[in-house]
1. So how do 196-206, 222-232, 132-142 stack up, highest first, on mean other-Cβ count within 10 Å?
2. Two decimals is fine: what is log10 I(q)/I(0) at q = 0.14 Å⁻¹ for the chain, from a Debye sum with one equal scatterer on every Cα and no solvent?
3. With a ≥ b ≥ c the root eigenvalues of the C-alpha gyration tensor of the range 197-273, is it rounded (a/c under 1.5), prolate (a/b larger than b/c) or oblate?
4. If I fit a long axis through the Cα atoms of helix 187-197 and take the longest principal axis of the Cα atoms of the chain, what angle between them do I get, 0 to 90°, rounded to 10?
5. Which value in nm describes the separation of the simple spin-label points at residue 166 and residue 1, placed 7 Å from the Cα toward the beta carbon?
6. Between residue 286 and residue 349, what length in nm is gained on full extension when 0.36 nm per residue of separation is reduced by their alpha carbon distance?
7. Could you calculate the FRET efficiency of residue 232 with residue 173 from 1/(1 + (r/R0)^6), where r is the beta carbon distance between them and R0 is 35 Å, rounded to 0.05?
8. Pulled fully out, how much extra length does the chain show between residue 145 and residue 192, if you take 0.36 nm times their separation in residues and subtract their Cα-Cα distance?
């Protein structure tokens, strides 16, 4: 079985993490995987090569729309017929051309995976309105070409697929999934990580993990933390990730005088160890599909305060405390400080029972490929 995975393939991307985790877990000798990276990073290219997957790349549509159009056209013209399954991983359908090209040039089976509940692209109100019209047009246009529709959450399905699709339940939910044992709470790892970071046991360590951009809303995070610091001076905030908002965040930190209290750590390979070290994870995101970070952190038992506007899935109500973005920074800080205490334990079994285990998600994805191709193992 020849499979093409189409996605952004950027280091800090949740979509990329999903592909590497879920698709990478499908260990079948009869299946060969290529990827088509929409922009793509050199780091991800190395990871792809390390998995013995084929790597192709086109320009980012938000930076070079014409290049993306013609490069996508040429790629699918030359390659669409070569694959048994072309699996598109998307956050929105305003750029519907690649799916059209794949169909037009003879793709055998097209699968679409919805990873978000709004646009990942930043823009002003006019730009977003235009994108919204294109997204609505695009999802209706390509609907007939899709043999299998997958979403990471119910909200992501409603965002990407037509009302008829939702009404007829012509889709499947395969949530973001992780290797649960890698994030299980470990007191020894917690102690070692805090020691290496130079953080004593009496410090309350707050954290945030994700690409630094408008959607993840780290500017709001820093404002909330500045309010927390007024009541709890013995606190630190770690922000893990890279992205276009880094310079803006650095200026904000300096402007608020938080240079000694907030650390921008960039991308980190051992994020699981940082969850162990943290006491609190704050996620004031504007939009998410079903956050992988949210799943990882729950296994580790850290207290989590996400925005109530994002999909939360079947979550642990004793450690996850959603707060509306409409609430003030002062409200957020007081609410967090009032819910800090409690014994920290592992939640691995709960997460496994809810289908967030990597093996389960991978098996269901592979089954979807078998269904559309009638491929016999």
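Coordinate-derived values only; no laboratory data. As the structure is a computational prediction, the values presented were derived from the model and not from experiment. All Cβ positions, glycine included, derive from the backbone under ideal geometry; neighbour counts span all protein chains shown.
1. Values: 196-206: 13.9, 222-232: 18.9, 132-142: 16.7.
The packing order, highest mean first, is 222-232, 132-142, 196-206.
2. Values returned for q = 0.14 Å⁻¹ are -1.23.
3. Values: a/c = 1.90, a/b = 1.15, b/c = 1.65.
Oblate shape, in that a/c is at least 1.5 and b/c is the bigger or equal ratio.
4. 80
5. 2.9
6. Numbers: separation 63, 0.36 × 63 = 22.68 nm, distance 2.93 nm.
Going from the current span to full extension adds 19.8 nm.
7. 0.35
8. Working: separation 47, 0.36 × 47 = 16.92 nm, distance 5.18 nm.
Difference between extended and current length: 11.7 nm.
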